[in-house]
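Here the structure comes first, spelled out in structure tokens, and everything after it is commentary.
The values are calculated or read from the model by the stated rules, or taken from the named source; none is laboratory data. None of the values given here were measured: they were computed from a predicted structure. As a convention, Cβ positions derive from the backbone with ideal geometry for all residues, glycine included, and neighbour counts pool all protein chains shown. The protein model used for the area step is the full one, side chains on, heavy atoms only, and it has no ligands, DNA or RNA in it. Shrake-Rupley method; radii C 1.70, N 1.55, O 1.52, S 1.80 Å.
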Amino acid sequence: MAIRLIVGLGNPGKEYEGTRHNAGYRLVERFADTHRIALKKESKYYGFSGRDEASGTWLLMPTTFMNLSGKSVGALAGFFKIAPAEILVAHDERDFLPGVVKMKLGGGVGGHNGLKDISAQLGSNDYWRLRFGIGHPGDRDMVSDYVLTRPSKLDREAIEETMDRALEILPLAITGDVGRAMHKLHTKPKPPQEPPVKETPT
């Protein structure tokens, strides 16, 4: 089944730009830039949205703040009759280290308030998730502050690299070749090999 809606989760406002919790926003912004898709603020969808004319796929960045993300997703998906299995939600994942990105269909929400609200609004957990590792602070009580801060330079570079990989496979998912997209995403890229050193005759 083709992906008809790509949602990037995050919080609106300058103070949240570049924070770990805004990994989903970052993906949608980069995809829109690459494909020259204009994202416009739409009050009826409670967020910024745009449509890829080539594929017909919608992009959405809810501006409801993370905990009410489902209000935005439900509004757009309901209007265009987009089924949960046709939705891909990009979000930060504390259980993965920076540099890890995985894609899956359905499952629990893992304490992620954005996913929790989306599942409640859609009445289903059976939508796709694109999970970008941001790491964990090591203390459950520190999670709220941790996700709302900006990653270190090394972590940021690792997260951006996972974005690069995700952007490569999104066209496959959009056309319905999700199995191939997942395989390509989850296959670790091989490190470049050094050319063999030629021995100089003595």
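Can you spot a residue in segment 15-35 that is farther than 30 Å from H136 by Cβ, free of Cβ contacts under 8 Å to residues at least 60 places away in the same chain and open to solvent by 50 Å² or more (accessible area, probe 1.4 Å)? Yes, because at least one residue in segment 15-35 is farther than 30 Å from H136 by Cβ, free of Cβ contacts under 8 Å to residues at least 60 places away in the same chain and open to solvent by 50 Å² or more (accessible area, probe 1.4 Å). Scanning segment 1-14 for residues that are free of Cβ contacts under 8 Å to residues at least 12 places away in the same chain and not in a helix (DSSP H, G or I) turns up just one, G13.
How about segment 63-95: which of its residues are of a type in the set (F, W, Y) and in contact with a strand residue (DSSP E or B) (Cβ under 9 Å, 6 or more places away or on another chain)? If the condition is that a residue be of a type in the set (F, W, Y) and in contact with a strand residue (DSSP E or B) (Cβ under 9 Å, 6 or more places away or on another chain), then F80 is the only one that fits.
Consider I82 carefully, then state whether it is closer than 23 Å to H35 by Cβ, over 17 Å from the mean Cα position of the chain (by Cα) and either open to solvent by less than 60 Å² (accessible area, probe 1.4 Å) or not polar (S, T, N, Q) (or both). Yes. Enumerate the pairs (first residue in segment 146-173 and more than 18 Å from A2 (Cβ to Cβ) and open to solvent by 40 Å² or more (accessible area, probe 1.4 Å); second residue anywhere and assigned to a helix (DSSP H, G or I) and of a type in the set (A, V, I, L, M)) with beta-carbon separation below 8 Å, excluding pairs fewer than 6 apart on the same chain, so at least 6 apart or on different chains. Pairs that qualify, where the first residue is more than 18 Å from A2 (Cβ to Cβ) and open to solvent by 40 Å² or more (accessible area, probe 1.4 Å) and the partner is assigned to a helix (DSSP H, G or I) and of a type in the set (A, V, I, L, M), are R165/L185.
In this structure, H112 qualifies as at pLDDT below 95, of a type outside the set (A, V, I, L, M), open to solvent by less than 40 Å² (accessible area, probe 1.4 Å) and in contact with a helix residue (DSSP H, G or I) (Cβ under 9 Å, 6 or more places away or on another chain). The one condition from (1) open to solvent by 60 Å² or more (accessible area, probe 1.4 Å); (2) modelled with pLDDT of 95 or more; (3) within 16 Å of the chain's Cα centre (by Cα) that P98 does not meet is (1).
Inspect all residues belonging to segment 47-60 and state whether any of them is touching a residue at least 60 places away in the same chain (Cβ under 8 Å), of a type outside the set (G, A, S) and surrounded by fewer than 22 Cβ atoms within 10 Å (Cβ to Cβ). Yes: segment 47-60 contains one or more residues that are touching a residue at least 60 places away in the same chain (Cβ under 8 Å), of a type outside the set (G, A, S) and surrounded by fewer than 22 Cβ atoms within 10 Å (Cβ to Cβ).
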